[in-house]
Amino acid sequence: MATGAFFHTKILGGLISALLSLVVNIQATLAEDLAVVVNPALDIDSLNKKDVVNIFMGRRHTLDQNTIAMPIDLDDDTQLRTAFYMSLTNRDLAEINSYWARLLFSGKSSPPLKVQSAEAVLKMVSEQKTAIGYLPISLVDQRIKVIYTLQVPEQ
Amino acid sequence: MTLFRTWQQSDNGLLFKATHQQLKNKSKKLSYLFLYTYTQTIASPRNNKERGLEPMRTISWGLLKSIVIGGVLFGLSSSLLAFDFDNKLKVNGFGTLGVVYNNDENADFIRKKNQPDVKGGEVTYSQDSRLGLQLSYNPTPKLKFTIQAVSRYDHDESFSPKISWAYAHYVTNNWTIRAGRLGADNFFRADSLDVGYGFLWARPPPDYYAGNINSQYDGLDVTRTFYTNWGVVDVKAYGGKFDDSFYANETLSLDVSDTYVTGLIAGVEIDNLLLRAQYSHFDVRSITFDIPALRQIYPPLAHFTLPAKSSDYYVFGLSYDIRQWRLQAGINIYKQNGNLGTDSVANYLSVGYRYRSWTPYALLSSNTPHTTPTSPLLPIPLPDSLNLVAPVTDQYSIAVGARLDVAQNVALKAQIEQIESKTSNSFSWVNKDNWDKDATVFSIVLDFVF
């Protein structure tokens, strides 16, 4: 019996330490915030969440009075894109794609242009005055301007 | 940090190029599979054999054309995907491969009024399967040209593609103007009924949408958008002329192309809530009847044109995503000012619950007449299968089903619906003289976009 109890304690201890290490790991993998960025030449310093939603969901076409916005999105099936839309609209990518199918094929609006990496977003926003994109905040440098910061909830 | 480690490691984007390529290959394979299945199954529908057409003729030029055009455009789209930014040209498509079975042999279910009927008690591919391709060209950020063609089993008993939309689109600050051939937006979200991937159900509720016989018009719409602190408000005015022939079945066809529409839509979007109110006025200047069976017996009644009057639709729609719940509802109030059927109210309510890739749903819909039909056009009693002049649709449906998002551009759906009618004459059924007024409809569809 004593041996059995010892083993139980050992197993329990093992489980607790496994759980603890999981918690530590979860804290270590906290998602990084996302920055919504534009070209520094643009005469806007901030947008609110509604504006960002409206621009990326095709309800708003302009950045300011005279600039037709060119939103830049990331390719399907990427964690960054999932995190962006989940934080912004509480919808997963299949639902976002379904939403766009309705707008695109009824001629209301076209989905944002897609590029293949956050680096490509940075490059495009730094070169195109009307572009607006999103990327991990750690990638931001002086070539682009942050106009909104999106907090990505823990996974 | 782990979440973004892959990004930082792949600074040349190679990793995501591979993912992108895999996705492209996946949708390419899917489209080939679709085209193959299309030729193998739909090219020889049982219907045509029953109508005594020779098997060779069932593979019509239209179908071959649609496959060739589809293949060419799809190939074009695959090679253009990587360059759509520079070339300002985009090719997109949507499609559905669907089977439907209605358990009642005495009533033939149809998805859309101008499709030929399919015998009850049989499994059919022809009602729901379709393929659409859209080509758009953006010469400047403000200007866009779009053309869309859809291939579906239509009143000419073929899958020959038809140009459904072709228009120019101009966007300024708060204004959007479109002119050309436009999708008719008469009912709540009626301009995207062909895009199965865009909605939750296997098929839009027929009680609500089957009356929507006009799917496109030649005209103009102007939208003014207002951005407020609490939401986005859109007001759209539209007007134009319809181009539809409205084919009922082999015994009767109606040409309602002498119809003009004007309307106003007001919509508001507040976060995940969308509300819409709409008024449409239809000025039906004449209806031309064609009854082939009377050509030998009494030619004057085989083809004739009658003046008609006008009708009005008052439409309300709601869509609300709250947490995992997906709610949608629509109400149509139809008022006729002459000889165009009966006043009626149609509505639907849909409730879905999103759980991971699954969305099980329930859908209730009904269509209720509010006046008894006066039929001064044809003051003689007609058999139900012919009585389209003053159809009294009085029925309700209950459907349950589920949508499974199998990939980010592919959804699989299964649905069972029970339809109960109070009259044997109903808008979404034909050949129902001996119908017991209820039926169960089973559907499985695969929707995709690319």
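The values are calculated or read from the model by the stated rules, or taken from the named source; none is laboratory data. Since this is a predicted model, take the numbers as computed values, not measurements. We place every Cβ from the backbone using ideal geometry, glycine too, and count neighbours over all the protein chains shown.
The table that follows gives values for the structure above.
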read-out	value
Enumeration of residues in the range A:55-77 that are surrounded by fewer than 21 Cβ atoms within 10 Å (Cβ to Cβ) and out of contact with any strand residue (DSSP E or B) (no Cβ under 7 Å at 6 or more places or on another chain)	A:G58, A:D64, A:Q65, A:N66, A:T67, A:D76, A:D77
Residue in the range A:131-150 that is of a type in the set (D, E, K, R), assigned to a loop (DSSP other than H, G, I, E, B) and within 12 Å of another protein chain (Cβ to nearest Cβ) present	no
Selected residue [in a helix (DSSP H, G or I), away from every other protein chain (no Cβ under 14 Å), under 23 Å from the mean Cα position of the chain (by Cα) and in contact (Cβ under 8 Å) with a residue 40 or more places away in the chain] from B:Y197, B:Y208	B:Y208
Of all residues in the range B:86-112 being in contact (Cβ under 8 Å) with a residue 60 or more places away in the chain and of a type in the set (A, V, I, L, M), the one that is farthest from the other protein chains (Cβ to nearest Cβ)	B:A107
Any hit, the range B:232-241, residues being crowded, with 21+ Cβ neighbours inside 10 Å and out of contact with any Cys (no Cβ under 8 Å at 6 or more places or on another chain)	yes
Test set (1) modelled with pLDDT of 95 or more; (2) surrounded by fewer than 22 Cβ atoms within 10 Å (Cβ to Cβ) - B:S160 fails condition number	(1)
Candidate set from the range B:400-417 (those that are without any contact (Cβ under 8 Å) to a residue 60 or more places away in the chain and closer than 15 Å to B:R354 by Cα); member that is farthest from the chain's Cα centre (by Cα)	B:V406
Strands (runs of 3 or more DSSP E) enclosed by the range B:222-333 - at least 1 residues per element that are hydrophobic (A, V, I, L, M, F, W, C) and under 19 Å from B:Y209 (Cα atoms)	B:232-242, B:245-249, B:252-255, B:259-270, B:273-284, B:310-322
Residue among B:S136, B:S158, B:S192, B:S126 that is polar (S, T, N, Q) and within 13 Å of the chain's Cα centre (by Cα)	B:S192
Restricting the range B:218-229 to residues that are under 15 Å from A:I55 (Cα atoms) and within 10 Å of chain A (Cβ to nearest Cβ), the residue that is modelled with the lowest pLDDT	B:N229
Residue within the range A:66-83 that is assigned to a helix (DSSP H, G or I) and in contact (Cβ under 8 Å) with a residue 24 or more places away in the chain present	yes
Filter result (facing another protein chain (nearest Cβ under 9 Å), hydroxyl-bearing (S, T, Y) and touching a residue at least 12 places away in the same chain (Cβ under 8 Å)) within the range A:84-108	A:T89, A:Y99
From B:S385, B:S428, B:S365, residue being modelled with pLDDT under 65, among the hydroxyl-bearing types (S, T, Y), over 22 Å from A:A101 (Cα atoms) and in contact with a Pro (Cβ under 6 Å, 6 or more places away or on another chain)	B:S428
Residue ID - farthest from the chain's Cα centre (by Cα), chosen from residues in the range B:170-189 that are surrounded by 22 or more Cβ atoms within 10 Å (Cβ to Cβ) and closer than 24 Å to A:R60 by Cβ	B:R178
The range B:155-173 residues that are over 21 Å from B:V195 (Cβ atoms), paired with ones that are aromatic (F, W, Y) and at pLDDT 90 or above (beta carbon under 9 Å, 6 or more apart)	B:A168/B:F145
Odd one out for A:Q128 among (1) facing chain B (nearest Cβ under 7 Å); (2) in contact with a strand residue (DSSP E or B) (Cβ under 9 Å, 6 or more places away or on another chain)	(1)
A:R60, sole failed condition from (1) in contact with a Phe, Trp or Tyr (Cβ under 7 Å, 6 or more places away or on another chain); (2) modelled with pLDDT of 90 or more	(2)
